1. For a quick check: with amide H placed at 1.01 Å from N, whose amide H comes under 5 Å from ILE79's, ignoring anything fewer than 5 positions away on the same chain?
2. Can you work out the PRE-style zone for GLU2? Point 7 Å along Cα to Cβ, and I want the residues of the range 52-84 with backbone N under 15 Å.
3. Accessible area per residue, 1.4 Å probe, Å², for the range 22-87: what's the number?
4. What does a probe at LYS10 reach in the range 40-83, counting residues whose amide N is under 20 Å from the point 7 Å along Cα→Cβ?
5. Can you compute 3J(HN,Hα) from phi for each residue in the range 66-79, using the Karplus curve 6.51 cos²θ - 1.76 cosθ + 1.60 with θ = phi - 60°, rounded to whole Hz and x for Gly and Pro?
6. Tell me which of ILE8, MET38, VAL20 sits at the most positive position along the dipole axis of the range 1-40, charges placed on C-beta atoms (Lys, Arg +1; Asp, Glu -1).
7. Report, by chain and number, residues whose modeled amide H sits under 5 Å from the one on GLY50, excluding near sequence neighbours (fewer than 5 apart, same chain).
8. Once phi is turned into θ = phi - 60°, what whole-Hz ³J(HN,Hα) does the Karplus curve with 6.51, -1.76 and 1.60 give for every residue of the range 29-34, x standing for Gly and Pro?
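The values are calculated or read from the model by the stated rules, or taken from the named source; none is laboratory data. Keep in mind the model is a prediction, meaning the values are calculated, not measured. Virtual Cβ from ideal backbone geometry, glycine too; neighbours counted across all protein chains shown. These accessible areas exclude ligands, DNA and RNA; they are computed on the full protein's heavy atoms, side chains included. Shrake-Rupley method; radii C 1.70, N 1.55, O 1.52, S 1.80 Å.
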Amino acid sequence: MERTKEEILKQISTIIEENVNPAVASHGGMIRLEDFDMESGRVLVMLSGGCSGCASSTITLKMGVENMVKHYVPEVHTISAEDDPNSPVDPYHRMDPFMENF
């Protein structure tokens, strides 16, 4: 039986909210589901906070998030991401220059 796009989006969103975001939140990040394309099986997410612009986010996305979502949602074939252009967080967690001597 074929599922609707809404059913698939709900399952993907639940996986991201309950399993992924608590882990990336420990690094100041967040991943938000944007869309799912039924034809290609492509999920689009938005990386924000510490994930936006972080070099390691690609590894996290492909090796962690994509593998998990594909495991539980057979309709998903790939996940791609965009960085949040409005994210105010520095993904490199630079030390505060005023605290260097402490």
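1. For ILE79, the qualifying residues are VAL43.
2. Within reach of a label on GLU2: 75-76.
3. 54
4. 43-44, 69-76
5. 4, 4, 5, 5, 4, 5, 8, 10, x, 6, 7, 10, 7, 10
6. Ranked along the dipole, the leading option is VAL20.
7. GLY29, MET30
8. Ordered by residue, 3J(HN,Hα) equals x, 8, 10, 10, 5, 9 Hz.
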